[in-house]
């Protein structure tokens, strides 16, 4: 979330500097009070420092953050944004990031042969002397302890640092830096819908059909994220047990019923574990299938309906553009626990495979949630493979990174319930919190 906040701040400052005629970080500091009044949401930042202790661990645990942090280091300095990192091995820092960091200090290394300053001099940095190291000019230095209480022991450094921070805070006497806004652990669908701007100047809190179906909050700006079925007809979600997949489908289903009148959208639910029994009710519900025979019958009917919607040679370009050669509702097929539906050698959804590429023209939408266990192998199942080839967006929720990249370059990682990485071919991956829609009963 910190990286997302700073990425948004960098984009804001790029626009602000251009608008206000600020040509350098020095000019920004000179006009800080004036520019603070123009800050978005009234959140005025001065110089900002992103401090990362142990870069190697961060890369291993949060691989997706390496690219945005590198961008902050490369572009942020001129906008008052600084990146400070520590690492036990310089080789773990890729050249793009290393070249963007202008100031480098080298403490004693486990292997002096890895020194980027001077291998021979690095061997002379004394062991057992914390804080000793080399400057880029090949000079020895000794770092000061971050404490002003008169103590010199390193085993009480935590207490001394806390004392230093407390004294600085008391002596400052002005406002504190804005707190980083965090993604909530839980957010209701009503709260998300309240943030959706109504298209064409209407009141806030609309359904968001101008952008799609809202289903959660983005970590980048804490604004709603959407599934735009008009642009991307299909959606995929991967997640472990209790990761929130069924909750995601319930929220999407509720969003569809709010965005489309019943005569414009029909929803078929395939749900072997009965987690979506009341997710769709009323006139929007086309069919509920909880067993393989029921799914086979449903898909057969859907396949025949889609066949009749395929454009023939008599359809004009204007009809193709307006989709006016067929009539009827958009058909949404919501599938939970897809790994139970598509078993090896038998997939009742296979008859829909031929229609996925033309789904936008014929009003077919497939929304699938699959367990992340074994998903790396499951990606080669024909329906999932076709959806990925079509660039369908999706959400990668909690799971083991051993499954490999499931959507784009995004691998699963441990996440709180309802949290995942939204992957879209036209935007960088972003973490999102799914809005909670409680079961009807």
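In nanometres, what is the gap between the two model label sites at residue 135 and residue 1, each 7 Å from Cα along Cα-to-Cβ?
4.0 nm
For the pair residue 154 and residue 171, how long in nm is the line joining their label points, each one 7 Å along Cα→Cβ?
Output for this residue pair reads 2.6 nm.
So what is the relative contact order for region 187-436, in percent, with contacts set as C-alpha pairs under 8 Å and at least six apart?
The value is 25 percent.
Return 339, 389 ranked ascending by Cβ neighbour count within 10 Å, so the fewest neighbours appear first.
Details: 339 16, 389 10.
Lowest to highest Cβ neighbour count: 389, 339.
Taking square-rooted eigenvalues a ≥ b ≥ c of the alpha carbon gyration tensor, is region 330-441 rounded, prolate or oblate, where a/c under 1.5 means rounded and, failing that, a/b exceeding b/c means prolate? Working shown, then result.
Numbers: a/c = 1.38, a/b = 1.28, b/c = 1.08.
It is rounded, given that a/c, with a ≥ b ≥ c, falls under 1.5.
If neighbour count is taken as other Cβ atoms inside 10 Å, put 52, 362 in order from fewest to most. Let's see the in-between values first.
Working: 52 17, 362 21.
Least to most surrounded, the residues fall as 52, 362.
How far, in degrees from 0 to 90, does helix 2-20 lean away from the longest principal axis of the Cα atoms of the chain, to the nearest 10?
80 degrees
In whole Å, how far is the Cα centre of region 368-409 from that of region 289-351?
Using only Cα atoms, the two centres lie 21 Å from each other.
Using Cα centres only, tell me the gap between region 117-152 and region 217-285 in whole Å.
57 Å
Over the chain, what relative contact order in percent results from Cα pairs under 8 Å that are six or more residues apart?
The value is 14 percent.
Specify whether the C-alpha gyration tensor of region 269-420 places it in the rounded, prolate or oblate class, a ≥ b ≥ c being the square roots of the eigenvalues: rounded for a/c under 1.5, otherwise prolate if a/b is larger than b/c and oblate if not. Display every interim value, and only then the final one.
Values: a/c = 1.94, a/b = 1.51, b/c = 1.29.
The shape class here is prolate.
Gain in length, residue 350 to residue 241, computed as 0.36 nm per residue apart minus the alpha-carbon separation, to one decimal in nm? Before the final figure, lay out each step's value.
Working: separation 109, 0.36 × 109 = 39.24 nm, distance 2.52 nm.
Using 0.36 nm per residue and subtracting the Cα-Cα distance, I get 36.7 nm.
Please work out whether the chain counts as rounded, prolate or oblate from its C-alpha gyration tensor, where a ≥ b ≥ c are the square roots of the eigenvalues and a/c under 1.5 means rounded, while otherwise a/b larger than b/c means prolate and anything else oblate? Could the numbers behind the result be given before it?
Numbers: a/c = 2.47, a/b = 1.95, b/c = 1.26.
Judged from the Cα gyration tensor, the chain comes out prolate (a/c at least 1.5, a/b above b/c).
Roughly what % of DSSP beta bridges within the chain run antiparallel, to the nearest 5? Provide the component values of the computation, followed by the final result.
On the way: 22 of 54 bridges.
So the antiparallel bridges amount to about 40 percent of the total.
If you line up the long axis of helix 245-259 against the longest principal axis of the chain, both from Cα atoms, how many degrees apart are they, to the nearest 10?
Value to nearest ten degrees: 60.
Where does helix 66-75 land angle-wise versus the long Cα axis of the chain, in degrees 0 to 90, nearest 10?
Around 60 degrees separate the two axes.
Sort 62, 272, 338 by Cβ crowding within 10 Å, fewest neighbours at the top. Don't jump to the answer; show the numbers that get you there.
On the way: 62 12, 272 18, 338 25.
Listed from fewest to most nearby Cβ atoms, that is 62, 272, 338.
Assuming R0 = 51 Å, what is the FRET efficiency of residue 283 and residue 36, from their Cβ-Cβ distance, to the nearest 0.05?
Numbers: r = 53 Å, r/R0 = 1.03.
Plugging the Cβ-Cβ distance into 1/(1 + (r/R0)^6) gives 0.45.
For region 2-172, calculate the relative contact order in percent as a whole number, restricting contacts to Cα pairs under 8 Å that are 6 or more residues apart.
Averaging sequence separation for qualifying contacts and normalising by length gives 14 percent for region 2-172.
No lab work stands behind these numbers, since they all come straight from the coordinates. A quick note: this is a predicted structure, and the numbers were derived from the prediction, not measured. Every residue, glycine as well, gets a Cβ built from its backbone with ideal geometry; the counts of neighbours run over all protein chains shown.
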